[in-house]
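Below is one structure; the comments refer to it alone.
The values are calculated or read from the model by the stated rules, or taken from the named source; none is laboratory data. Because the structure is predicted, anything quoted here is derived from the model rather than measured. Because the Cβ atoms are built from the backbone with ideal geometry, glycine has one as well, and the counts that use them run over all protein chains shown. Protein only, heavy atoms only, side chains kept; ligands, DNA and RNA dropped before computing areas. Shrake-Rupley method; radii C 1.70, N 1.55, O 1.52, S 1.80 Å.
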Amino acid sequence: RAEEKYLTHRDLLESLWETCLVYGRDPDRSEIPNLDEVTSIFGSLPAALRFIKSRKENADAYLDEARQSRIDDLRVYFAQLQFEKRKPYRHLEARLQKDIRTFFGDYRSASDAGRSCGHKLCEPGRR
């Protein structure tokens, strides 16, 4: 029965899975363009996420890799921002705010991670 449900809603589920991999985290309700369809079929976004993850082999490994990749990207992004005037948190785009909360906890920690990344790149003898 679960296989039938997966096949019936494959496009919707694959889109949701792809979003998880791109974001490196579970997307927020505001980040799902077809949220109404997802909730009408699965009851809620968390239920749909649980369903798709249960259907994917090695889902946790793929999500961990995507998460680490996104964190690395954000560290580089915040390292680059060290050369600019720091924008107030409220002026950052919503997705970036969500990433900061999810991966770093707060804006200061994200900035510190970027500064640390920048220092590592500038170490003598490193190419």
Residue under question is F51, and the condition is that it be over 30 Å from E37 (Cα atoms), modelled with pLDDT of 95 or more, open to solvent by less than 50 Å² (accessible area, probe 1.4 Å) and among the aromatic types (F, W, Y); does it hold?
no
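For every residue, the table says whether it meets (1) over 15 Å from the mean Cα position of the chain (by Cα); (2) surrounded by fewer than 14 Cβ atoms within 10 Å (Cβ to Cβ); (3) assigned to a helix (DSSP H, G or I); (4) touching a residue at least 40 places away in the same chain (Cβ under 8 Å).
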position: W17; (1), (2), (3), (4): no, no, yes, no
position: C20; (1), (2), (3), (4): no, no, yes, yes
position: A61; (1), (2), (3), (4): no, yes, yes, no
position: S111; (1), (2), (3), (4): yes, no, yes, no
Filter result (more than 12 Å from I100 (Cα to Cα) and among the basic types (K, R)) within the range 56-78:
K56, R67
Cβ contacts < 6 Å: first residue within 17 Å of D64 (Cα to Cα), restricted to the range 91-107; second residue modelled with pLDDT of 95 or more and outside any helix (DSSP H, G or I), any location; separation 6+ or different chain. Result?
T102/R25
Is it true that some residue in the range 28-37 is open to solvent by less than 80 Å² (accessible area, probe 1.4 Å), touching a residue at least 60 places away in the same chain (Cβ under 8 Å) and under 20 Å from I100 (Cα atoms)?
yes
Going residue by residue through the range 1-13, is there one that turns out to be surrounded by 13 or more Cβ atoms within 10 Å (Cβ to Cβ), modelled with pLDDT of 95 or more and within 19 Å of the chain's Cα centre (by Cα)?
yes
Can you tell me which residue within the range 89-107, out of those that are of a type in the set (D, E, K, R) and part of a helix (DSSP H, G or I), is least open to solvent (accessible area, probe 1.4 Å)?
D99
